[in-house]
Amino acid sequence: MMKKNYQPYLSFILTSFLMLSCVAYQPQMVDVPLIHEKNDLRVDAGLSLVKGNIGGTFSYGVSDKITVQVHGNTMIDGTKHNYIQGAGGYYKHFQNDAVMELYGGLGYGNIYAYSGAQPGDLDGFHHQYFSQLNFGKINIANGKIDLGIGLKTGLLFSEMQDNNYYSNTAETGLIYNHNMLLGEPTAFIRFGGEHIKFNLKAGAVAMQELSNSGQYYPYSWWNLGFGVNFNF
């Protein structure tokens, strides 16, 4: 029997991961909590594929209508690429266990992206102002499954220093400012028991530059995440 050579496939997968890790922004794998009552508390922890981020989300029902949320993530290897956001909002729990949430918030993060071709990197920060509409259904199959979608829209402002990322000419060290309009949909499914569920998330982002920076903004249009969700 002929032995199959898997090296080309492994090389392709490794190259794909390296290309993903060089982006400045990726869809954030923020929990879509579907808070449904006062004192409902969800703590979500997980891993996302793009850039190898670990992150967590804390969501809490302050009253029968008001909810708050905090999310943060960082890279597994400790590279300077961190993000945190906070939001507050309104929720409504319908009789058929459908839940609607509307959040408004802001986020801040470091930017670090590298290019192996030069080689070089981008170093800076970004902040964003956003709203997010979530809709889904809880307690499916006797409480074993939750599922839903979210749509985040907002403005992202970034400042990045070019350290041979765009060019290795004498122009290195230039500062680029990007003002971006973004749309970021997320879909998820949670499955498990009453208080602990595992989850899968899929996200995408579309960006439209409002400024004229003269350079493209390196981002990944998709992301995948998985983790565990605790409901108290």
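The values are calculated or read from the model by the stated rules, or taken from the named source; none is laboratory data. All of these numbers come straight from a predicted model, not from anything done at the bench. Cβ: placed from backbone, ideal geometry, glycine included. Neighbour counts: every protein chain shown. Just the protein is used for accessible areas: all its heavy atoms, side chains included, with ligands, DNA and RNA removed. Shrake-Rupley method; radii C 1.70, N 1.55, O 1.52, S 1.80 Å.
Some notes on this structure:
- Inter-label distance for residue 92 and residue 222, nm, one decimal - labels placed 7 Å from Cα along Cα-to-Cβ: 3.4
- Farthest toward positive dipole pole in the range 153-232 [+1 Lys/Arg, -1 Asp/Glu at C-beta], among 230, 154, 207: 230
- With N counted as the residues of the range 83-160, its alpha-carbon radius of gyration over 2.2 N^0.38 Å works out to 1.58.
- Taking every C-alpha pair closer than 8 Å and separated by at least 6 residues, the mean separation divided by the residue count of the chain gives a relative contact order of 19 percent.
- Where labels lie 7 Å past Cα in the beta-carbon direction, separation of residue 80 and residue 131 in nm: 3.5
- Note on residue 115/residue 159: beta-carbon distance plugged into 1/(1 + (r/R0)^6) with R0 of 22 Å gives a FRET efficiency of 0.75.
- Per residue, in Å², the accessible surface of the range 90-232 once ligands and nucleic acids are set aside, probe 1.4 Å: 51
- Degrees, to the nearest 10: 7-20 long Cα axis against longest axis of the chain: 80
- Taking 21 Å as the straight-line reach from the Cα of residue 51, the lysines in range (excluding those fewer than 8 positions away in the same chain) are 80, 152, 201.
- Given a 1.4 Å probe and the protein chains as shown, residue 41 ends up with an accessible area of around 40 Å².
- Reach of residue 38 by Cα under 12 Å, taken over aspartates and glutamates that are not fewer than 8 positions away in the same chain: 64
- Exposure ranking of 216, 83 by accessible area [1.4 Å probe, largest first]: 216, 83
- Residue-by-residue Karplus 3J(HN,Hα) for the range 68-73, coefficients 6.51, -1.76, 1.60, Hz, glycine and proline x: 10, 8, 10, 9, x, 8
- Between the range 193-223 and the range 70-143, the alpha-carbon centres lie 9 Å apart.
- Dimensions in Å of the range 92-207 - Rg and Dmax from alpha carbons: 19.9, 64
- Two-decimal log10 I(q)/I(0) for the range 66-111, as the Debye equation yields it once each C-alpha is a single scatterer, q = 0.26, 0.33 Å⁻¹: -0.88, -1.09
- Rounded to two decimals, the Cα radius of gyration of the range 147-232 over 2.2 N^0.38 Å is 1.54.
- Extent of the chain along its three principal axes (Cα atoms, max minus min coordinate, largest first): 63, 60, 26 Å.
- Segment residue 181-residue 37, extension gain: residue separation times 0.36 nm, minus the distance between their alpha carbons: 48.6 nm
- Here the calculated FRET efficiency for residue 63 and residue 191, from their Cβ-Cβ distance with R0 = 41 Å, stands at 0.90, rounded to the nearest 0.05.
- Converting phi to 3J(HN,Hα) with the Karplus coefficients 6.51, -1.76 and 1.60 and the offset θ = phi - 60°, the range 81-87 yields 7, 10, 8, 9, 9, x, 8 Hz in sequence order, with x at every glycine or proline.
- Within the full protein context, the accessible area of residue 43 is estimated at about 50 Å² for a probe radius of 1.4 Å.
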